[in-house]
Amino acid sequence: MSQVHPEIHERWILRTELLWAFGVGVFIAAALGMIVFTALTMSINPPSNVERIDPKVLHLSGEFAEQNLGTTVAADGSVTVRAIATQFMFIPACIAVPANRLVTLRFASPDVIHGLLITGTNVNTMVLPGFVAQVHTEFTRSGDLLMPCHEYCGFGHSEMWATVQVMPQNAFQPKRNGRISCAQR
Ligand code: CUA
């Protein structure tokens, strides 16, 4: 039986280690590159808003009281949607938004952790009780989009979803008080 010289053995170990290090390095670079690429080209970013809200009383007064839920167009033309994610529904169940215009979506939960995404858009966030989840987006096409809850929140989780009605600019006509709801069909 021939003996491998210890020095050759050492060199072989070093070579395979460097090869693995290179492979892992390429993988990390690709993953980081993908994160940067999707952030720059598709606006896919981690939520950055840290804003506290008391989940026990959010429905009683203030921003998330019932009369403030839904879509509001402010005097300066900015569009803000406020909705509650609760076991097992979104309030309101239909959200009206304009196409091709910046929209700010704000969500709060009075009970457990929910999550949501709007199909075909970059909107995807968790809704944690105690915090306001805020997302900015622009809807590029008009039509109805599905907004399901995507965080298991209990027995009714699979029944928890809302509709986002993206209206063409000319159909998006808020009332005098700036409020607008989904068109009845
Ligand atoms: Cu709410 Cu799942």
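The values are calculated or read from the model by the stated rules, or taken from the named source; none is laboratory data. Being a predicted model, the structure only gives us computed values, none of them experimental. In this analysis, Cβ positions are derived from the backbone assuming ideal geometry, glycine residues included, and neighbour counts consider all displayed protein chains.
General remarks:
- Residues that are more than 9 Å from the ligand (Cβ to nearest atom) and over 16 Å from residue 93 (Cβ atoms) within the range 145-163 comprise just one, 155.
- Within the range 128-185, restricting attention to residues that are surrounded by fewer than 14 Cβ atoms within 10 Å (Cβ to Cβ) and among the acidic types (Asp, Glu), the residue that is farthest from residue 59 (Cα to Cα) is 144.
- Of all residues in the range 117-127 being surrounded by fewer than 16 Cβ atoms within 10 Å (Cβ to Cβ) and more than 14 Å from residue 95 (Cβ to Cβ), the one that is modelled with the highest pLDDT: 124
- Scanning the range 76-106 for residues that are within 16 Å of the ligand (Cβ to nearest atom) and part of a loop (DSSP other than H, G, I, E, B) yields 87, 88, 92, 93.
- Residue that is farthest from the ligand (Cβ to nearest atom), among those in the range 107-143 that are under 10 Å from the mean Cα position of the chain (by Cα), without any contact (Cβ under 8 Å) to a residue 60 or more places away in the chain and not in a strand (DSSP E or B): 121
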